[in-house]
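Notes to accompany the following structure.
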Amino acid sequence: MTLSRTLTALGFVSLILMGTTAIAKPAVKPVPLAPEAQAAILRDDALKANVAYEFVSELTTRFGARPAASESERNAAAWAADTLKGMGFEKVSIETFPLYGWKRGPESIEITAPFPQKLVGTALGGSTGSAAGGLEAEAVIYDTYQEFLDSTEDVKGKIVVILQPMAQTSDGSGYGRMSGTVRWMGPVEAQKRGAAGFVLRSLSTDTHRFAHAGASAWQDGKGIPSMAISVPDALAISRIKKMQTQGKAGPLRLKMLTTAEFLPLGTSQNVVGEITGSESPDEAIIIGGHMDSWDLGTGAIDDGAGLAITVAAAKSIIDHGLRPKRTIRVVLWGSEEVSQPPSILGTGGEAFANRRKAELDRYVDAGESDFGADKILSITLSPTEDKAFVTKLGNLLYPLGIFIDGNGTPSGGSDSGPLHEKGVPAFDLNQDGYSYFNIHHTADDVLERIDPAQLNQNVAAWVATIWMMADTKVTFKRPEVKAEK
Ligand SMILES: [Zn+2]
């Protein structure tokens, strides 16, 4: 402002002050709406916005796949931090932690006998590479993992093949039953029995010819080559097994080539930003998704969508010029997919929770979005004495087709789970996961698999929920703290 304009302005003010009747009115402060009324506005506006889709679109276009501890994951984190700042988030930071990355490299799998042909397969996360020319050996075929565990057959030097299909359910229970057993422990069990290689039918609910990647137990580079094959290839092997019993086919032999390996110690990182609470800033609601993805697709549904949903939900609060009483903290966790011992902080969720041990007793609730981009069906809350809160939230979510699941016990996912284990209540906005495992961890996990309308339903539910949690005094029962591992 120039001097003359300043003097003019001052003169104008003094004229007003000298007048007896022209007293300036105090600025009218808008009366804040009741939390549920404000949440309804936020919910309805979120349905009309396009923020989440734009976020996941730009993320996947700019960086493609984002394997944990990779340059791509690091660059995506830097971009996300800048993007959060630009959106108006406060206290944006990048928190680095150590991690061994894992690289797939060139790979192939084929049948060499009795009917030579190429298959579609991919190494399991954590797999050890094969000998340079590949591993060629007789295969021993099991219809289920339990059949393999119960078997006393000699598998020394052979390739163990498990053909067990995965059940298709909306809540992911089919995956839950398989991922921790056959995929996680299968390679370890096979190696214990002297097997040279391990192959499983992809944890897939589709019959497309894609292989589904995913983590197997940490074996410190001393495991055996382990791969997932596509469902049609597993079904072909199943037919060969039947032909063997009919005397129409000889023993199955496979050749696995993988150049997978762990990389020297590197880093991954969490990106954190918040809307600082106006009255109780240390009472935080934690939300987010994970930045890293498997290397085959571009991590659109797993978990670009989860980042987009939670970032867009919080951003809509900023865009409405609002500040809740409590803090809403958004976390873009690094390294969810690669699993390593907690001693080297193998996940972003563990790194995030460990860093904040001293303040976790003030955290109100934590939830994450990591189950694709399809619509939310229900919400599971930790127990609360505040029944009116539950009723109001139920009324807010009902128009979105979302119901309170009174029977479930929220536990958070793999990123918010470490907070829950340390005493922070959890909530789950449960998405329809019926089609999620058609695409999950495949080369086909791309933007085109996201339906913008369903994505927006997620954002609407998230913003209504977090506004209610952050702008009321609701408290939830704190879980029992589990002993330190
Ligand atoms: Zn995920």
Plugging the Cβ-Cβ distance of residue 239 and residue 192 into 1/(1 + (r/R0)^6) at R0 = 30 Å yields, to the nearest 0.05, a FRET efficiency of 0.55
Decide, for region 357-412, between rounded, prolate and oblate: order the square roots of the alpha carbon gyration tensor eigenvalues as a ≥ b ≥ c, take rounded if a/c falls under 1.5, and otherwise choose prolate if a/b is larger than b/c, else oblate. oblate
Give me the percent relative contact order of region 344-485, please, defined on Cα pairs under 8 angstrom at least 6 residues apart. 38 percent
The distance between the Cα centres of region 142-178 and region 390-437, in whole Å, is 30 Å
Separation between Cα centres of region 238-287 and region 80-116, rounded to whole Å: 10 Å
What angle do you read, to the nearest 10 degrees and between 0 and 90, between the alpha-carbon axis of helix 387-397 and the longest principal axis of the chain? 80 degrees
Where does helix 231-245 land angle-wise versus the long Cα axis of the chain, in degrees 0 to 90, nearest 10? 20 degrees
Considering only protein heavy atoms and a probe of 1.4 Å, how much of the accessible area of region 405-485 is carbon and sulfur, as a whole percent? 50 percent
Which of the lysines could a cross-linker span from residue 91 if the Cα-Cα distance has to be under 16 Å and same-chain partners fewer than 8 positions apart are dropped? 315
Once every DSSP H run of n ≥ 4 in the chain is given -39500 (n - 2.57) and the sum is divided by its residues, what mean residue ellipticity at 222 nm do you get, rounded to the nearest 500 deg cm²/dmol? -10000 deg cm²/dmol
Between 327, 340, 369, whose Cα lies farthest towards the positive end of the dipole of the chain when Lys and Arg beta carbons carry +1 and Asp and Glu beta carbons carry -1, centred on the Cα centre? 327
Give me the angle, in degrees from 0 to 90, between the Cα long axis of helix 35-48 and the longest principal axis of the Cα atoms of the chain, rounded to the nearest 10. 60 degrees
Taking a straight Cα-to-Cα line shorter than 22 Å from residue 103, and setting aside same-chain lysines fewer than 8 residues away, one finds 222, 255
Share, in percent, of DSSP beta bridges within the chain that are antiparallel, nearest 5: 55 percent
Of the accessible area of region 228-357, with the probe set at 1.4 angstrom, what percent is carbon plus sulfur? 53 percent
Enumerate the whole-percent occupancy of each 20 Å bin, from 0 to the last occupied one, for all C-alpha pair distances of the chain. 23, 48, 22, 5, 2, 0
Along Cα→Cβ, 7 Å out, is where each label goes; now give me the distance between the ones at residue 451 and residue 473 in nm to one decimal. 4.2 nm
For residue 248, list the lysines whose Cα falls under 28 Å from its own Cα; do not include residues on the same chain fewer than 8 positions away. 118, 156, 158
Classify region 349-474 as rounded, prolate or oblate, taking a ≥ b ≥ c as the square roots of the eigenvalues of its Cα gyration tensor: rounded when a/c is under 1.5, otherwise prolate if a/b is larger than b/c and oblate if not. oblate
Where a ≥ b ≥ c are the square roots of the eigenvalues of the C-alpha gyration tensor, would you call region 246-393 rounded, which needs a/c under 1.5, or, failing that, prolate if a/b is larger than b/c, or oblate? prolate
So what are the ³J(HN,Hα) numbers for region 324-332, from phi and the Karplus equation (6.51, -1.76, 1.60; θ = phi - 60°), rounded to whole Hz, Gly and Pro as x? x, 5, 9, 7, 10, 10, 9, 10, 9
Stretch residue 325-residue 185 to full length: gain in nm at 0.36 nm per residue minus the Cα-Cα span? 45.8 nm
Using the Cα atoms as the points, what is the convex hull volume per residue of region 67-210 in Å³? 176 Å³
Flagged as over-length at 28 Å C-alpha distance, from 29/375; 387/422; 48/477, the pairs are 29/375; 48/477
Assign unit charges at the C-beta atoms only (+1 for Lys and Arg, -1 for Asp and Glu), then state the dipole size of region 312-432 relative to its Cα centre in Debye, rounded to the nearest 20. 640 debye
Which FRET efficiency value, to the nearest 0.05, do you get for residue 411 and residue 276 by plugging their Cβ-Cβ distance into 1/(1 + (r/R0)^6) with R0 = 30 Å? 0.60
Total charge dipole magnitude, region 238-374, about the Cα centre, Cβ charges on Lys, Arg, Asp, Glu only, Debye to nearest 20: 880 debye
Label point distance in nm, residue 395-residue 85, each placed 7 Å from Cα along Cα→Cβ: 4.3 nm
Linear extension gain, residue 45 paired with residue 62, 0.36 nm per residue minus alpha-carbon span: 3.4 nm
Per residue solvent-accessible surface (Å²) - the chain, probe of 1.4 Å: 43 Å²
Per-residue HN-Hα couplings for region 458-475 [Karplus 6.51, -1.76, 1.60; θ = phi - 60°; Hz; x = Gly/Pro]: 4, 4, 4, 5, 5, 5, 4, 5, 6, 5, 5, 6, 8, 10, 10, 9, 4, 10
Sorted by mean Cβ packing within 10 Å, highest first, what order do the peptides 384-391, 172-179 take? 172-179, 384-391
Can you list residues from other chains, or at least 5 along the same chain, whose modelled amide H is less than 5 Å from the amide H of residue 210? 231
Spelling out what I want: for every residue of region 150-156, take phi, set θ = phi - 60°, compute 6.51 cos²θ - 1.76 cosθ + 1.60 (Karplus), and round to whole Hz; glycine and proline get x. 7, 6, 10, 4, 7, 10, 4
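The values are calculated or read from the model by the stated rules, or taken from the named source; none is laboratory data. In this text, all values refer to a predicted model and were calculated from it rather than measured experimentally. In this analysis, Cβ positions are derived from the backbone assuming ideal geometry, glycine residues included, and neighbour counts consider all displayed protein chains. All accessible areas refer to the heavy atoms of the entire protein, side chains included, with ligands and DNA or RNA removed. Shrake-Rupley method; radii C 1.70, N 1.55, O 1.52, S 1.80 Å.
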